[in-house]
Amino acid sequence: MPDDALITVKPELAQGAKVDAARYRTMMAEALRDPEGFWREEAKRVAWMTPPTKIKNTSFTGDVSIKWFEDGVLNASVSCLDRHLESRGDQVAIIWEGDDPETDAKVTYRDLHERVCRLASAMKGLGVKKGDRVTLYLPMIVEAAVAMLACARLGAVHSVVFGGFSPDSLASRIEDCESTLLITADEGRRGGRKVPLKTNADEALKSCPTVQNVIVVRNTGGEVPMQAGRDHWYHELCAQASPQCEPEPMNAEDPLFILYTSGSTGKPKGVLHTTGGYLVWAGFTHELVFDYRPGEVFWCTADVGWVTGHTYIVYGPLANGATTLMFEGVPNWPGIDRCWQVVDKHQVNIFYTAPTAIRSLMREGEAPVRKWSRKSLRILGSVGEPINPEAWLWYYRTVGESRLPVVDTWWQTETGGILISPLPFAVDQKPGSATLPLPGVQPALVDNEGNILESATEGNLVILDSWPGQMRTVFRDHERFIQTYFSTFPGRYFTGDGARRDADGYYWITGRVDDVLNVSGHRMGTAEIESALVAHPKVAEAAVVGMPHALKGQGIYCYVTLKSGEEPTEALRKELVAWVRKEIGPIAAPDAIQWAPGLPKTRSGKIMRRILRKIAANETDSLGDTSTLADPTVVQDLISNRVG
Ligand code: 6R9
């Protein structure tokens with residue numbers, strides 16, 4: 001199939017679709033012509049205590065100020081819970097599928113509402129109030145969603161930290177936002193293994209004096225020490241707490257959550273999302289992109305520790321009164337067919353996963369997929385990194401039987417929800433392309449000088465105007481927000497991604513153009529890995545770049561210069577891999593470490609990463625200009641000692 005082959009919308013499946021091609025065109029035009037009117041209408045999809053009269057007040061220049069629905073008042077938990085009680089109180093809100101295939105649970109909207117109110121009451125009893133930050137370090141269990149919504153109910157700002165992060169990574173995220181409460185569990189489970197969450201949390205809390213209380217979910221029942229006065233069992237607190245808790249009235253622009261994400265420099269940034277715009281965007285995109293219909297089961301395989309889990313496991317589906325499936329385990333355990341087994345077991349209608357998972361399943365062939373019926377499936381989605389056409393086609397043909405639409409959804413932690421994706425029954429698909437923007441989204445490609453490029457071309461991906469789900473600031477560092485996103489191309493939101501646009505106006509995301517890696521859909525800054533490496537007593541200097549990796553998309557390639565007198569042994573190489581795992585977390589474990597007696601630097605001392613990337617990718621015949629290097633001979637040494 002050629003690169004730009006069209007997979008056209010199948011009319012028989014499009015029956016009853018929320019948005020067809022004509023409607024998509026109208027919505028695009030309306031959102032552009034009259035954004036105020038368009039979003040005033042769309043804002044009605046959430047429950048307001050006071051509906052907004054001011055709709056859009058945004059500026060990408062000067063101090064950069066982004067406000068949507070600014071005089072509206074609401075509480076996100078009401079949109080996700082209370083308002084569904086009358087119409088669908090007994091409908092399942094969350095299907096929980098355990099790591100162990102023998103375990104699952106169903107939680108109705110009524111149950112979920114009560115559980116959220118109880119925890120919120122308990123948190124209130126511990127002194128948590130509007131504006132306080134609460135860090136969640138939890139496995140994929142129902143309590144994670146309960147805790148997020150309980151924070152929302154009180155107006156406390158949650159910061160979810162992925163359970164795979166190390167104690168150090170957890171500590172730095174707690175320190176940055178000065179949380180007063182941590183909610184964690186004794187242990188997590190993943191792929192048959194235990195994750196020592198409470199032990200990690202105890203380690204992290206040694207450097208977090210702001211945390212006064214820790215709520216611990218008894219999950220595996222594993223033995224964990226409890227510190228008197230500080231640590232409380234979740235089940236004990238909730239059993240005593242009131243099942244009623246009035247929702248805190250929140251201004252649309254009051255913070256809902258902080259989520260830390262990696263950038264090209266420094267430590268992770270606290271991406272701040274506010275209440276009204278985020279929730280409207282979560283509901284809008286979940287309904288449109290997945291053509292969500294009442295009663296359907298929606299399964300997003302992400303972890304709630306990432307933005308995908310926030311928007312498409314919790315807020316989007318629950319705002320839409322959907323049944324959302326939350327999976328504790330991993331796609332290939334206990335068998336490579338686990339996903340399809342779960343699809344049949346719970347009659348999943350919409351399945352949303354990452355290219356890295358698709359590639360690893362693809363490697364095992366068709367048989368494990370064919371073993372299961374998958375008849376309930378209606379739509380397939382992809383997110384997190386560019387999906388190569390081979391993986392797209394395998395997903396389409398093998399999982400979707402060449403029948404189901406595949407939506408490749410491009411977005412970021414910063415964007416709150418999907419920005420570029422086909423609407424499944426409105427936009428023809430091309431394998432490997434995120435296709436076209438959603439209504440209200442204005443992407444553009446610019447050259448390195450910031451000139452807008454027209455028609456079919458390739459360039460830096462920017463967004464020209466604000467959309468409701470956009471991040472508002474970096475927590476307590478608005479200057480960094482402006483610097484990171486609005487200074488490279490003044491007046492425009494810079495995504496950090498590069499993209500190609502074809503003659504049909506379709507976008508093909510080519511990947512990051514900055515020093516951010518995307519490893520198995522997890523975003524990581526090279527600077528973070530470098531600082532972990534140089535923290536090792538034997539390391540003098542380190543430079544980290546991405547390299548092509550068949551399964552992970554990108555692998556982590558590290559050039560390490562040892563302190564003089566240190567021996568570059570195999571044992572030390574292993575030690576450094578383990579060191580980075582411990583410092584940041586297993587997702588940051590290097591794939592290759594090359595000993596580098598010297599790094600290619602300019603005369604002003606800047607490491608020329610372009611050259612290091614080429615060597616890591618084994619593209620050494622196209623190194624480009626090396627004449628500005630202080631010592632061009634280091635390049636030859638690096639080439640001859642390439643790893644892999
Ligand atoms: C949602 C999420 C964001 C970065 C983004 C881009 C890459 C995400 C993609 C994609 C190509 C897609 N990315 N979806 N690239 N096609 N469909 O993943 O957020 O963790 O912040 O990562 O991921 O490079 O800039 P986040």
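The slack between R613 and R218, meaning 0.36 nm per residue of separation minus the straight C-alpha distance, is 137.7 nm. Within the accessible surface of the chain, defined with a 1.4 Å probe on protein heavy atoms only, the carbon and sulfur portion equals 50 percent.
In whole percent, what relative contact order does the range 517-644 give with Cα contacts below 8 Å and a gap of six or more residues? Kindly include the intermediate steps, with their values, before the conclusion.
Details: 201 pairs, mean separation 28.3, N = 128.
Value for the range 517-644: 22 percent.
Translational diffusion coefficient of the range 200-347 (Stokes-Einstein, Kirkwood radius from Cα pairs, 10 °C, 1.306 mPa s): 84 µm²/s.
Principal semi-axes of the equivalent ellipsoid, √(5λ) from the alpha carbon gyration tensor of the range 261-401, are 26, 20, 13 Å from largest down.
Using per-residue counts of other Cβ atoms within 10 Å, averaged over each peptide, order 485-491, 469-475, 9-15 from highest down.
The peptides rank, most packed first, as 469-475, 485-491, 9-15.
For the chain, the alpha carbon convex hull comes to 159 Å³ per residue, rounded to a whole number.
Looking at the chain, the accessible area is 37 square angstrom per residue; that uses a 1.4 Å probe and ignores ligands, DNA and RNA.
Only helical runs count toward this figure. For the chain, summing -39,500 (n - 2.57) over DSSP H runs of n ≥ 4 and dividing by all residues gives -8000 deg cm²/dmol at 222 nm.
Percent of alpha carbon pairs in the range 359-424 separated by more than 13 Å?
Cα-Cα pairs of the range 359-424 separated by over 13 Å account for 66 percent.
Subtracting the Cα-Cα distance of E86 and T8 from 0.36 nm times their residue separation leaves 24.1 nm of extension gain. Report the local net charge at K67: Lys and Arg +1, Asp and Glu -1, summed over other residues whose C-beta lies under 14 Å from its C-beta. My count for the surroundings of K67 gives -4.
Pairing rule first: another cysteine's C-beta must sit under 4.7 Å. Under that rule, which cysteines of the chain stay single? Lacking a cysteine Cβ partner under 4.7 Å: C80, C151, C177, C208, C238, C300, C339, C558.
When both the range 270-323 and the range 390-412 are represented by their alpha-carbon centers, they are found 20 Å apart.
Count neighbours as other Cβ atoms within 10 Å of each site's Cβ, and list the GluC sites (Glu not before Pro) in the range 53-148 that are DSSP loop with at most 11 such neighbours.
Sparse-neighbourhood loop GluC sites (Glu not before Pro): E102.
Rg ratio for the range 520-641: its Cα radius of gyration over 2.2 N^0.38 Å, N being its residue count, equals 1.03.
Rounded to the nearest 0.05, the FRET efficiency derived from the C-beta distance between K375 and E30 at R0 = 41 Å is 0.65. Sorted into 10 angstrom bins from 0, the C-alpha pair distances of the range 187-229 split as 25, 53, 19, 3 percent. Between Q483 and S564, the simple spin-label model (points 7 angstrom out along Cα→Cβ) gives 3.4 nm. How much net charge surrounds R403 when only the other residues with a Cβ under 12 Å from the Cβ of R403 are counted, with Lys and Arg +1 and Asp and Glu -1? Within the 12 Å Cβ shell, the charges total +3. A simple charge model with +1 on the Cβ of Lys and Arg, -1 on the Cβ of Asp and Glu and nothing else charged puts the dipole of the range 577-634 at about 240 debye relative to its Cα centre. Three principal axis extents describe the C-alpha atoms of the range 327-397; from largest down they are 29, 24, 23 Å.
With the convex hull of the Cα atoms taken as the outline of the range 57-209, the averaged projected area works out to 11.9 nm². Checking the Cα-Cα distances for K371/K552; K538/K574; K552/K606 against a 20 Å cut-off, the pairs over it are K371/K552; K552/K606. W96: net charge of surrounding residues, Cβ under 11 Å, Lys/Arg +1, Asp/Glu -1, itself excluded? Value of the local net charge: -4. Stretched out straight at 0.36 nm per residue, the stretch from D100 to K206 would grow longer than its current Cα-Cα span by 34.9 nm. Which percent, nearest 5, of DSSP beta bridges in the chain are antiparallel? Beta bridges within the chain, antiparallel portion: roughly 60 percent. In this simple spin-label approximation, N451 and R603 carry label points 7 Å from Cα along the Cα→Cβ vector, and these lie 3.0 nm apart.
The values are calculated or read from the model by the stated rules, or taken from the named source; none is laboratory data. Computed from a predicted model, the values in this text were never measured in an experiment. A quick note on method: Cβ atoms are made from the backbone with ideal geometry, for glycine too, and the neighbour counts reach across all protein chains shown. In case anyone asks, the SASA skips ligands and DNA or RNA and just uses the protein heavy atoms, side chains included. Shrake-Rupley method; radii C 1.70, N 1.55, O 1.52, S 1.80 Å.
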